[in-house]
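What follows is a set of notes on a single structure, which appears directly below.
Throughout, read-outs are computed from the coordinates displayed, never taken from laboratory work. Computed from a prediction, not measured in an experiment: that's the story for all the values here. Cβ: placed from backbone, ideal geometry, glycine included. Neighbour counts: every protein chain shown.
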Amino acid sequence: MKGRNKMENKILIFGHKSPDTDTICSSIVKEKLNKKNGYNNCEAVRLGDINKETQYVLDYLNIEAPRLIEKVEEGQEVILVDHNDFDQSVNGIENAKIIGVVDHHAIGNFRTSTPLYYTSKPYGCTSTILFKEYIQKGFKISKEEAVLMASAIISDTLLLKSPTTTKDDIEALEELSEMASIKLEEYGLDLLKSGTKLDDLTAEQLVNLDAKAMSKENTKFIIAQVSTINIEEVMKRQEELEEAINKEIETKNLDLFVIAITDILNSNSEIIALGKRADVIKLAFGKELKNNRVFLEGVVSRKKQLLPNIDKNI
């Protein structure tokens, strides 16, 4: 069901466009946490389609995905999770009333006209922040809530293998996996592998599966990421992927589009980079693009490895 065009009476809680598992799970958990705090007039929603990895979690718990919305009206009260950059948020966000943010990213294109509650921690996952709030408030964590938060941490940290992982994420996941009654390695690998089944996705779907739009001064760019257990299988589709990327560049007037094909088992990525600022890749990683692609050993994190290097060389 799509969002209504008129302003909602409820406070809407949502993550970024092209939602991933942390975005969806943390939105649901934030709604539950708010209600435990006595704020019942709120609803978790989403800004895009559910990916296969996230659907695995929802199916495991036998729960529905949050309702889809496409825009918010002026004055709509909202809470942002897992993002703060307006380029990644809902249409109309610049006119909404942002009353709260829970995030673990650098602060980007963000501003408000009124004070707000802003919680930002340099953890590997938004759900780690929410877990700590549960503990601080003394709230009991249900099995469903534990599965949601554990799944988000597994996804964002690649089962604690990503360089974004902190000791706080490790400690949170250890406790949550016990509360959730899951075998961490078994459930974690099953979850991550569920998101690597890509054969039935079109090239357009692949390049938009987990794409984050960004801007710096007069440069607009997107960094997308696809998880796999076989990079070469995905790269067999390079020609059609490039065609889809070039359409995105033209449609959105982008200067650069980078997609990372990330091997979640061996912790490496191959990237395809197109656009008039593709020269940034050599500056960022010290490697020449060959046939629009380059292999980056040990690179798995968009937030900590791809974005910082690209951003400072734009």
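Principal axis analysis of the Cα atoms in region 11-192 yields extents of 45, 32, 32 Å, listed in decreasing size.
Between beta-carbons, use under 13 Å as the cut-off and find the net charge around residue 53, counting Lys and Arg +1, Asp and Glu -1. Charge balance near residue 53 sits at -4. For region 203-311, the dipole from Cβ point charges (+1 on Lys and Arg, -1 on Asp and Glu) about the Cα centre works out to 420 debye, to the nearest 20. In sequence order, region 203-211 has phi-based couplings of 4, 4, 5, 5, 6, 9, 4, 8, 10 Hz under the Karplus curve 6.51 cos²θ - 1.76 cosθ + 1.60, θ = phi - 60°, and Gly or Pro positions carry x. Just how many % of Cα pairs in the chain lie over 26 Å apart, if you round to the nearest whole percent? Roughly 44 percent, once rounded to a whole number.
For region 17-37 and region 40-76, compute the distance between their C-alpha centroids and round to whole Å. Spelled out, the Cα-based centre of one part sits 8 Å from the other.
Legend: distances between Cα atoms for 140/183; 32/52; 121/143; 97/193; pairs beyond 32 Å are 97/193. Packing, as the average of other Cβ atoms within 10 Å across residues, places the peptides 124-133, 94-103, 226-235, 107-116 in the order 124-133, 94-103, 226-235, 107-116, highest first.
Once both axes come from the Cα atoms, what is the angle between helix 21-36 and the longest principal axis of the chain, in degrees from 0 to 90, rounded to 10? It is inclined by approximately 10 degrees. Spherically averaged projected area of the convex hull of Cα atoms, region 114-157: 3.9 nm².
If you fit an axis through the alpha-carbon atoms of helix 52-61 and take the longest principal axis of the Cα set of the chain, what angle between them do you get, 0 to 90°, nearest 10? Result, in degrees: 20. Just so you know, the averaged projected area of the alpha carbon convex hull for region 179-268 sits at 7.6 nm².
Given R₀ = 41 Å, FRET efficiency for residue 232-residue 117 by Cβ-Cβ distance, to 0.05? Given R0 = 41 Å and the Cβ-Cβ separation, E is 0.35.
Build a GNM of the chain with springs between Cα atoms under 10 Å apart, and of 225, 205, 76 the one that fluctuates most is 205. Once the gyration tensor of the Cα atoms in region 117-239 is diagonalised, the equivalent ellipsoid follows with semi-axes of 30, 20, 11 Å, ordered largest first.
With a cut-off of 10 Å between beta carbons, the residues surrounding residue 219 carry a summed charge of +1, where Lys and Arg count +1 and Asp and Glu -1. Taking other residues whose beta carbon is less than 11 angstrom from the beta carbon of residue 18, and scoring Lys, Arg as +1 and Asp, Glu as -1, yields 0.
Across all Cα atoms of region 71-122, the radius of gyration (one decimal) and Dmax (whole number) stand at 10.2, 31 Å. For the chain, the longest principal axis of the alpha carbon atoms and the long axis of helix 238-252 meet at an angle near 70°.
Annotation: amide H of residue 44 within the under-5 Å range of 13, sequence separation 5 or more or interchain, hydrogens built in the peptide plane.
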